[in-house]
Amino acid sequence: RSGRLGGLNNVENSGAPDSKNIRVKLVLLGDSGVGKSCIVLRFVRGQFDPTSKVTVGASFLSQTIALQDSTTVKFEIWDTAGQERYAALAPLYYRGAGVAVIVYDITSPESFNKAQYWVKELQKHGSPDIVMALVGNKADLWTNREVPTQDGIDYAENNGMFFIETSAKTADNINQLFEEIAKRLPRPSSS
Ligand code: GDP
């Protein structure tokens, strides 16, 4: 009655038969130091604490949000825990992911290039119905900006992705990021 959904491999209805409770695996990808852990901490705990690394290991953090149409979305968030250094492990990490959040740092063109590498990687090896978001983080450092907002917009548009600039430090657009992703998830068919 609940659980299995025709055609949607990576988004599951985890609630009662009539509820609209969606559960989805979300992975973060991007260069080391772009702020992935800080984005997760800000979203899940409402904090910015650069000294406390999210220790993930075998586990993940989860956070549920409610949308206006009364759908709830439970994100199971997998941080890379340094796996960006081991590209060969990446496919294990994003297997089964319904959402990929690809993060760069707006002060670092190298990190923007790396983000594009991850997009291509997911286009090749990720699930075909994965929802991808491109995130330009550290927007509070706009005085040191080296990646124009328009470059992010253009790249995302050309690759069918959602784009947003965030700051984990000031909390700017962090909740919006996850809400926009939630809205874009394929909905379980009610049957
Ligand atoms: P990760 O390796 O991608 O997980 O990056 P971290 O979350 O560990 O962050 C790397 C560094 O960037 C830390 O020193 C954070 O304090 C800093 N940082 C993360 N997000 C922001 C942000 O939005 N603004 C600023 N100014 N610094 C940030």
Checklist outcome for this item: Counting only residues that are within 16 Å of the ligand (Cβ to nearest atom), of a type in the set (Val, Ile, Thr) and surrounded by 21 or more Cβ atoms within 10 Å (Cβ to Cβ), region 165-187 contains a total of 2
Checklist entry - Taking the stated definitions as given, is Ser14 modelled with pLDDT under 70, in contact with a strand residue (DSSP E or B) (Cβ under 7 Å, 6 or more places away or on another chain) and under 27 Å from Pro91 (Cα atoms)? => result yes
Checklist entry - Do we find a residue being surrounded by 20 or more Cβ atoms within 10 Å (Cβ to Cβ) and away from the ligand (no atom under 15 Å from the Cβ) anywhere in region 114-122? => result yes
Next on the checklist: Between a residue in region 32-44 that is free of Cβ contacts under 8 Å to residues at least 40 places away in the same chain and any residue that is more than 7 Å from the ligand (Cβ to nearest atom) and of a type in the set (S, T, N, Q), which pairs come within a Cβ distance under 9 Å, given they are 6 or more apart or on different chains?
Outcome noted: Val40/Gln63; Val44/Ser62; Val44/Gln63
Checklist entry - Quick one: which of Ala90, Ala139, Ala133 is small (Gly, Ala, Ser) and modelled with pLDDT under 95? => result Ala90
Checklist entry - Just to be sure, is Val103 within 15 Å of the ligand (Cβ to nearest atom), assigned to a loop (DSSP other than H, G, I, E, B) and not polar (S, T, N, Q)? => result no
Next on the checklist: With the requirement that a residue be surrounded by fewer than 17 Cβ atoms within 10 Å (Cβ to Cβ) and at pLDDT below 95, what does region 94-113 give you?
Outcome noted: Arg95, Gly96
Checklist outcome for this item: The number of residues in region 148-191 that are within 23 Å of Gln68 (Cβ to Cβ), polar (S, T, N, Q), assigned to a loop (DSSP other than H, G, I, E, B) and under 17 Å from the mean Cα position of the chain (by Cα) is 2
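The values are calculated or read from the model by the stated rules, or taken from the named source; none is laboratory data. All figures in this text were calculated on a predicted structure; none of them were measured in a lab. Cβ coordinates were reconstructed from backbone atoms using ideal geometry, including for glycine residues, and neighbour counts include every protein chain displayed.
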